[in-house]
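Have a look at the structure below, then the notes.
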Amino acid sequence: MSGRDAEERADAARVRARLEAYYGRYYGGTLGIPGWRELVAVRLDDVAYERERLTRLELALGRSVAGARLLNVGCGTGGFNELARRAGADAWGVDASSEAVTIAALRVPRRILCATAEELPFPAARFDVVYCYSTLEHVADAGRAVREMARVLRPGGALYIHTPNRWACFEGHYKLFWLPGLPRPLAAGYLALRGRPTGFLRTLRPLTLAECRALVEAAGARVTRVLDDGMNRPVGGPLWPLVRAYYLLFGVRPYVELVATRGKAP
């Protein structure tokens, strides 16, 4: 084995150890998910997981990310960025968690910054694609975050947002059946009855599709596509027929998934 190979293996081992510790605390401690070790295992070998997200993004955009300058807002531990870079994108990432940024920077050097979505450290019109997956529900000021994402997007560029719908019957972080629009005190009681930690609720501010549309338009962008993500994913066990009927009757999508664009310069 060459010295270079040995160094790369040591780097991979360090990343793996950090990922295992990070996601062990998240799934096992913060969320208290039974069987959390299986979720950690997915994150330790996240190529398939992230490839599915990248494929979904490219289908939504109608094109490959190859050659695009891409910003991942809420990049977490960097798995998506690493895969997007391999696909030919100049992929940058920001995250508010310094621990996540440290891990991501090991995977994608010189392209990861610690910053909030409300204060992106980039000049205007810098990116061809801005990607925001499961982040908008965590920010303190969603309107400001969307304005920042639109600001750093070049004219004609694409903004992709994927976030839980407040009216869904599934909470994707806790992996639990959920009552739509449940007020936070009742949600905390429900989690306690299920034997789950409740502190993570303070970070969650889910939005509706209408609210996301309004935020995008207020930021000077235009929604060009809304996707039906998760409509056929069964939740609630024997309650699924009722859940599905509710989704169809009221036009509810479990997740808000949309593509928007800034107007092209004249």
Quick one: in the range 175-200, of everything that is part of a loop (DSSP other than H, G, I, E, B) and either hydroxyl-bearing (Ser, Thr, Tyr) or free of Cβ contacts under 8 Å to residues at least 60 places away in the same chain (or both), which residue is surrounded by the fewest Cβ atoms within 10 Å (Cβ to Cβ)?
-> Pro183
All but one of (1) in contact (Cβ under 8 Å) with a residue 40 or more places away in the chain; (2) polar (S, T, N, Q); (3) surrounded by 13 or more Cβ atoms within 10 Å (Cβ to Cβ) hold for Thr203, so report the exception by its number.
-> (3)
Residue list for the range 208-266, restricted to those being touching a residue at least 60 places away in the same chain (Cβ under 8 Å), assigned to a helix (DSSP H, G or I), closer than 30 Å to Arg154 by Cα and of a type in the set (A, V, I, L, M) | Leu215, Val216, Ala218
Counting only residues that are in contact (Cβ under 8 Å) with a residue 60 or more places away in the chain, give me the helices (runs of 4 or more DSSP H) lying completely in the range 51-157 with at least 3 of them.
-> 98-107, 142-151
Restricting attention to the range 221-246, and to residues there that are modelled with pLDDT of 95 or more and within 30 Å of Asp141 (Cβ to Cβ), which single residue is surrounded by the most Cβ atoms within 10 Å (Cβ to Cβ)?
-> Ala221
Answer from Leu153, Leu120 - the residue that is crowded, with 17+ Cβ neighbours inside 10 Å, in the same structural domain as Thr55 (by TED's automatic domain parsing), within 17 Å of the chain's Cα centre (by Cα) and over 29 Å from Ala13 (Cα atoms) = Leu120
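The values are calculated or read from the model by the stated rules, or taken from the named source; none is laboratory data. None of the values given here were measured: they were computed from a predicted structure. Counting neighbours? That spans all protein chains shown, and the Cβs are built from the backbone with ideal geometry, glycine included.
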